[in-house]
Amino acid sequence: MYNVSEKFKNAIKASNRKSSIYGVLTTSNGTEYLLNDGNIIKDSLYITNQIVNNNKLTFGAVYAGECGLVINSTIDRYSLFGAKLELTFMLELKDGTEELLPLGVFTVDAPERIGSKIKLTAVDNMSKLDITVNEDINGGWYELLSYISTKCGVELAQTQAELEALHVNASNQNYTIQQDKIDTYRDALSFLSMVICANATIDNTGKLKIVQYATSACDSNNGSTRLNNCKFSDYTTRYAGVRARFFADENYAPYSAINQDINGLILDLGDIPIVGGTNDGKNATIEAMRDTITRITYVPSTLYVSSNPAYELGDMINCKNVNNTSDSVNTYVMAYKYDYRKKETINCYGDNPLLQNIKDKSKSLNTSDLEAQIALKQMVVVNATNIKDITI
């Protein structure tokens, strides 16, 4: 959660609140246009972002956040292509003071004239990492992350100490970004996030942030502070381990680490081409991933709350009085759609561990057993039966 005061947390949940939006549009030639509630069309401002793929928990998500709004303006819309959009949210607190919160830094990519109005669609700085990898790079986890940040012109939101604290093997594990296996630096960032069971996003100030799922709640709500039609699953999602394939010679080899004491799901991350080196190093990496993922326990849900721009991806929210009971559950911010002065939709996705034996997708990402045998040059015999005659 963005670093806001307790007064902010209380005021944002009030049935009546006073807020404002301030913004600056800066064109490529440096011309600035001020935005506020007076020239932003009512109910048009939204921001969306996510750290899940295909409505499934995964790691290595590198989605670009999107912002959209409609303004009343006579500005030449063509001058707004590539313009920088900065937005700030102001909330009046109960004591009469005001608290400011940055909403993000975006680049306009689709200005559209609609009569006297201009519809703006903009994306955050994640798009700056769409640069083709044209070199092979080897180094420590933080060194590679810092290199990508500098190369693509996106500042890191966390210090070196904060980032290395996310990676228990930071001091003794090297990784390799190879141009023939990784297309863009955005893809490389995805793999760097994946090996520490994290995701990458752009924060409210336009900086690159590595996000792991929180292990404690940053906020709470109950039936009176949630809006109608919220949905909570009747099961808890938890993970017992993880599988992945790391690069070995000219092929990939499977690695897995599973806690047999946990009745949970197994997450298959598929190929992770940046991880090479010795078997000991690879086993240390997969075991660290297991230790991280087994701490993630939550109830999938769909929350509708009064829009709160302080929520960030990866936040844990404690929800009380769930399904008209006194039960309390934890859920995550995995995807959101923030609508200024309207409701905010927060989605949290997850599978039911009790059904994993019925609907097991653990082999869906690869044929690792077969490829492992091929890599070891073992004899592989495959029997296949045709279900209909073949005429030659």
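All conditions in (1) within 30 Å of residue 268 (Cβ to Cβ); (2) in a strand (DSSP E or B) hold for residue 103, with the sole exception of (1). Could you say whether any residue in the range 124-141 is assigned to a helix (DSSP H, G or I), open to solvent by less than 60 Å² (accessible area, probe 1.4 Å) and closer than 19 Å to residue 246 by Cα? Yes: the range 124-141 contains one or more residues that are assigned to a helix (DSSP H, G or I), open to solvent by less than 60 Å² (accessible area, probe 1.4 Å) and closer than 19 Å to residue 246 by Cα. Taken over the range 323-365, the residue count meeting the criterion of being closer than 16 Å to residue 53 by Cβ and either in contact with a Gly (Cβ under 6 Å, 6 or more places away or on another chain) or modelled with pLDDT under 75 (or both) is 3.
From the list 245, 238, 226, 290, the lone residue that is assigned to a loop (DSSP other than H, G, I, E, B) and basic (Lys, Arg) is 226. Of all residues in the range 11-37, those that are more than 22 Å from residue 311 (Cα to Cα), open to solvent by 70 Å² or more (accessible area, probe 1.4 Å) and part of a loop (DSSP other than H, G, I, E, B) total 2.
Kindly indicate whether any position in the range 267-285 is in a helix (DSSP H, G or I) and of a type in the set (D, E, K, R).
yes
Could you check the range 145-198 and list, in sequence order, the residues that are assigned to a helix (DSSP H, G or I), touching a residue at least 12 places away in the same chain (Cβ under 8 Å) and open to solvent by 40 Å² or more (accessible area, probe 1.4 Å)? Result: 151, 160, 164, 186, 187. Looking at the range 320-338, which of its residues are under 14 Å from residue 297 (Cα atoms) and in contact (Cβ under 8 Å) with a residue 60 or more places away in the chain? Within the range 320-338, 329, 330, 331, 332, 334 qualify. Summed over the range 43-88, residues that are open to solvent by less than 20 Å² (accessible area, probe 1.4 Å) and part of a strand (DSSP E or B) total 8.
Against the definition (open to solvent by 30 Å² or more (accessible area, probe 1.4 Å), of a type in the set (Ser, Thr, Tyr), within 21 Å of residue 334 (Cα to Cα) and in a strand (DSSP E or B)), how does residue 304 come out, yes or no? Yes, satisfied.
Taking the criterion of being open to solvent by 10 Å² or more (accessible area, probe 1.4 Å) and either within 18 Å of residue 236 (Cβ to Cβ) or within 20 Å of the chain's Cα centre (by Cα) (or both), the residues of the range 257-287 that qualify are 259, 261, 262, 263, 265, 266, 267, 268, 269, 271. Which condition number does residue 121 fail, the rest of (1) part of a strand (DSSP E or B); (2) in contact (Cβ under 8 Å) with a residue 40 or more places away in the chain; (3) open to solvent by 50 Å² or more (accessible area, probe 1.4 Å) being met? With (1) part of a strand (DSSP E or B); (2) in contact (Cβ under 8 Å) with a residue 40 or more places away in the chain; (3) open to solvent by 50 Å² or more (accessible area, probe 1.4 Å) applied to residue 121, the lone miss is (3).
The values are calculated or read from the model by the stated rules, or taken from the named source; none is laboratory data. Note that the structure is a prediction, hence the values are computed from the model and not measured. Note that each Cβ is placed from the backbone with ideal geometry, even for glycine, and that neighbours are counted across all protein chains shown. Areas reflect the complete protein model, heavy atoms only, side chains present, ligands, DNA and RNA absent. Shrake-Rupley method; radii C 1.70, N 1.55, O 1.52, S 1.80 Å.
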